[in-house]
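All remarks here apply to the structure that follows.
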Amino acid sequence: MSQAVLILIKPDGLKKSLTGNILTRLSETKLEIVAAKMVRVSKELAEEHYKHLKDKPFFGEIIKYLQGELHDRKKVMALVYWGKDAIKKCRELAGATNPEEAESTSIRGSYGRITTTGVYENVIHVSSNEPEAEREIKLWFNPDEIIVDLYATKDLVLKEITNKVWR
Ligand code: UDP
Ligand code: MG
């Protein structure tokens with residue numbers, strides 16, 4: 001059965017110009033990209049994304065990391081990959097959380113590092129299981145930004161909402 005997974009190319013991956021390399025590595029999975037965008041990450045979004053790590057001593061640092069404050073690159077690239085065993089395939093390619101423990105041929109083993117303050121700068125985020133993937137994809141994307149129907153939706157009629165449009 002097809003499965004979806006959220007991938008984030010983190011600010012260190014963007015700063016090191018690794019987008020192409022990372023997408024090339026991920027293409028080995030033969031999975032389909034069904035959504036992609038650049039995101040300026042607010043503190044609220046970063047904290048919600050990593051809310052399960054709220055009590056960890058490194059929480060404050062990884063929020064700054066995801067927001068781009070450690071790299072002067074206030075953006076991440078968010079993608080949804082879709083296909084058979086998507087989570088397992090992408091996590092395998094990404095490698096272990098700690099880049100020093102990650103297999104040297106994996107994405108994190110190739111491009112990650114540990115900072116002097118102990119943060120694992122591991123260039124990529126990959127959802128860890130199916131419930132987390134669903135939670136994260138719904139956090140980062142609206143239904144109309146994804147080209148397949150992943151999860152149930154409903155119609156919401158909004159009145160007097162101001163949207164920015166091209167002039
Ligand atoms: N992280 C860290 N030190 C740790 C554990 C995690 O700096 O001891 C960072 C690392 O960037 C990691 C992120 O926090 O990717 C989220 O941690 P998680 O345990 O969810 O690892 P992942 O699912 O990203 O492999
Ligand atoms: Mg995780």
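Descriptive notes on the structure:
- With all protein chains in place and a 1.4 Å probe, the accessible surface of the chain carries 50 percent carbon and sulfur.
- Legend: residue pairs Lys10/Lys88; Lys16/Lys154; Lys54/Lys75; Lys88/Lys138; Lys30/Lys164; Lys88/Lys164, Cα-Cα distance threshold 30 Å; pairs beyond threshold, Lys16/Lys154; Lys30/Lys164; Lys88/Lys164.
- Val165, Val39, Val123, reordered so the largest accessible area comes first (probe 1.4 Å): Val165, Val39, Val123
- Backbone phi angles across the stretch 78-87, fed through the Karplus curve with coefficients 6.51, -1.76 and 1.60 (θ = phi - 60°), yield HN-Hα couplings of 10, 9, 10, 9, 9, x, 5, 6, 4, 5 Hz in residue order; Gly and Pro are listed as x.
- Within straight-line cross-link reach of Lys43, aspartates and glutamates at Cα separation under 20 Å, skipping those fewer than 8 residues along the same chain: Asp12, Asp55, Glu61, Glu69, Asp72, Glu121, Glu132, Glu136
- Mean accessible surface per residue for the stretch 81-167, computed with a 1.4 Å probe while every protein chain stays in place, in Å²: 72
- Remark: the Cα gyration tensor places the stretch 21-167 in the oblate category, a/c being 1.5 or greater and a/b not exceeding b/c.
- Stokes-Einstein diffusion for the stretch 106-167 at 4 °C, viscosity 1.567 mPa s, with a Kirkwood radius from C-alpha pairs, works out to 83 µm²/s.
- The stretch 4-20-the stretch 65-109 distance, computed between alpha-carbon centres (Å): 7
- The 3J(HN,Hα) values that the Karplus relation (6.51, -1.76, 1.60; θ = phi - 60°) gives for the stretch 139-153 are, in residue order, 6, 8, 10, 8, x, 6, 9, 10, 7, 10, 8, 8, 9, 4, 10 Hz. Gly and Pro appear as x.
- The 3J(HN,Hα) values that the Karplus relation (6.51, -1.76, 1.60; θ = phi - 60°) gives for the stretch 10-15 are, in residue order, 6, x, 5, x, 6, 5 Hz. Gly and Pro appear as x.
- For the stretch 134-167, chymotrypsin sites (Phe, Trp or Tyr not before Pro) meeting the loop criterion (DSSP other than H, G, I, E, B) and having at most 14 other Cβ atoms within 10 Å: Tyr151, Trp166.
The values are calculated or read from the model by the stated rules, or taken from the named source; none is laboratory data. Keep in mind the model is a prediction, meaning the values are calculated, not measured. Virtual Cβ from ideal backbone geometry, glycine too; neighbours counted across all protein chains shown. Note: areas computed on protein heavy atoms with side chains; ligands, DNA, RNA excluded. Shrake-Rupley method; radii C 1.70, N 1.55, O 1.52, S 1.80 Å.
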